[in-house]
Amino acid sequence: MTENCLFCKIISGEIPSNRIYEDDAVYAFLDIHPASEGHTLVAPRKHFSRFVEMDAEDVARLFEAARKVTAAVEKAFSAEGSNIGVNNGEVAGQEVPHVHVHVIPRKKGDGGRGIKSIVWTEPDRTNLEEVAEKIRKAL
Ligand code: 5GP
Ligand code: ZN
């Protein structure tokens, strides 16, 4: 529990939430300002501000819970699909600095778009192998 973290307070029950799922590693609850009906946030109980701070076991537990929640959210709202994503860092739109996966159910004709509608900077497409090499070197 990190002091002054909104999601740590929600996970501990200090601040109420609409619980969807919980286990010893994860807590999932409804987003208070949903992008579509059923929009759920899936968070690790342990406080990590950024996704890359998590270890393999924590990530596995988080994404297995996100998979379960996605199946339930889609079933409950007869959704035909969903967007599943993490805003990682303030520059990427992260408002609450406690890692969480958004599960946003989608229906045909809802007016929403895909993940590339979040950002489109028109990067160079002629140097993809150079780009790949740069990332491989950083691994
Ligand atoms: P982020 O931008 O950090 O990826 O997403 C934070 C999300 O938390 C937002 O979609 C916002 O609507 C949601 N949120 C903010 N405050 C609260 C709250 O007090 N309770 C719940 N359930 N969700 C919240
Ligand atoms: Zn926290």
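Wholly within region 1-50, which strands (runs of 3 or more DSSP E) include no fewer than the required count, namely at least 3 residues that are within 11 Å of ligand 2 (Cβ to nearest atom) and within 21 Å of GLU90 (Cα to Cα)? Strands (runs of 3 or more DSSP E) meeting the threshold: none at all. Summed over region 1-30, the residues that are touching a residue at least 24 places away in the same chain (Cβ under 8 Å), among the hydroxyl-bearing types (Ser, Thr, Tyr) and closer than 22 Å to VAL73 by Cβ give a count of 1.
Yes/no matrix, rows are residues, columns are (1) farther than 20 Å from PHE29 by Cβ; (2) of a type outside the set (Phe, Trp, Tyr); (3) loosely packed, with under 12 Cβ neighbours inside 10 Å; (4) under 15 Å from the mean Cα position of the chain (by Cα):
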residue	(1), (2), (3), (4)
GLU57	yes, yes, yes, no
GLU90	yes, yes, yes, yes
PRO97	no, yes, no, yes
HIS100	no, yes, no, yes
VAL103	no, yes, no, yes
ARG113	yes, yes, yes, no
ARG125	yes, yes, yes, no
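Selection of region 93-114 for residues being part of a loop (DSSP other than H, G, I, E, B) and in contact (Cβ under 8 Å) with a residue 60 or more places away in the chain yields VAL96, PRO97, HIS98, HIS100, LYS107, ASP110, GLY112.
Going by what's in this entry, would VAL73 be described as in contact with a strand residue (DSSP E or B) (Cβ under 6 Å, 6 or more places away or on another chain) and not in a helix (DSSP H, G or I)? Let's see the steps before the verdict.
Details: in contact with a strand residue (DSSP E or B) (Cβ under 6 Å, 6 or more places away or on another chain): yes; not in a helix (DSSP H, G or I): no.
No.
Every number in this text was worked out from the coordinates using simple rules, so none of it is lab data. Computed from a prediction, not measured in an experiment: that's the story for all the values here. Here the Cβ is made from the backbone with ideal geometry for all residues, glycine too, and neighbour counts use every protein chain on show.
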